[in-house]
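Encoded as structure tokens, the structure appears first; notes follow it.
The values are calculated or read from the model by the stated rules, or taken from the named source; none is laboratory data. This structure is a prediction, so every number in the text was calculated from the model and none was measured. Glycine gets a Cβ as well: all are built from the backbone with ideal geometry, and neighbour counts include every protein chain shown. In case anyone asks, the SASA skips ligands and DNA or RNA and just uses the protein heavy atoms, side chains included. Shrake-Rupley method; radii C 1.70, N 1.55, O 1.52, S 1.80 Å.
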Amino acid sequence: MKNFYFIIKSMGVGLLVYSIAGLILACVLVNVFSSDHPHSMEHLLYLFIPGIGSIVGLSLGLILSIFNLKTYIITRVLKQLIISVPIGVIVFFIVVEFFLS
């Protein structure tokens with residue numbers, strides 16, 4: 001039962017960290033690429049980027065909790081998640097560039 005609670009906590013921490021990172025990224029992208037066109041849909045980024053980030057955070061939280069299952073140290077999982085945020089942002093831009101080109 002202790003394993004289950006540790007995995008749920010790790011997934012929750014991953015969800016929180018990556019949702020916040022996705023919201024910050026969406027704010028930056030909307031402010032940089034904003035247009036005055038009345039039919040522009042860039043504000044949908046506030047929904048999609050944190051949504052994608054939350055899915056990534058849940059899956060990374062699950063993976064990192066399995067890696068740290070012997071120690072049950074949630075701060076180690078949090079540190080690993082925070083370290084992986086810049087890598088996730090870089091991968092996000094690479095994927096977006098690949099699909100837009």
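Which residues, taken from the stretch 69-92, are among the polar types (S, T, N, Q), modelled with pLDDT of 90 or more and either surrounded by 11 or more Cβ atoms within 10 Å (Cβ to Cβ) or not in a helix (DSSP H, G or I) (or both)?
Just the residues of the stretch 69-92 that are among the polar types (S, T, N, Q), to begin with: 71, 75, 80, 84.
Filter again for modelled with pLDDT of 90 or more, leaving 75, 80, 84.
Those that are among the polar types (S, T, N, Q), modelled with pLDDT of 90 or more and either surrounded by 11 or more Cβ atoms within 10 Å (Cβ to Cβ) or not in a helix (DSSP H, G or I) (or both): Q80, S84.
Looking at (1) assigned to a helix (DSSP H, G or I); (2) touching a helix residue (DSSP H, G or I) at 6+ places or on another chain (Cβ under 7 Å), can you tell me which one S34 breaks?
The number of the failed condition is (1).
Return yes when I63 is part of a helix (DSSP H, G or I) and either more than 19 Å from G14 (Cβ to Cβ) or open to solvent by 60 Å² or more (accessible area, probe 1.4 Å) (or both) and no when it is not. Steps first, answer last, please.
Working: part of a helix (DSSP H, G or I): yes; either more than 19 Å from G14 (Cβ to Cβ) or open to solvent by 60 Å² or more (accessible area, probe 1.4 Å) (or both): yes.
Spelling it out, I63 is indeed part of a helix (DSSP H, G or I) and either more than 19 Å from G14 (Cβ to Cβ) or open to solvent by 60 Å² or more (accessible area, probe 1.4 Å) (or both).
For the stretch 36-46, check the following and say yes or no: at least one residue is closer than 18 Å to S19 by Cα, surrounded by fewer than 17 Cβ atoms within 10 Å (Cβ to Cβ) and at pLDDT 90 or above.
Within the stretch 36-46, not a single residue is closer than 18 Å to S19 by Cα, surrounded by fewer than 17 Cβ atoms within 10 Å (Cβ to Cβ) and at pLDDT 90 or above.
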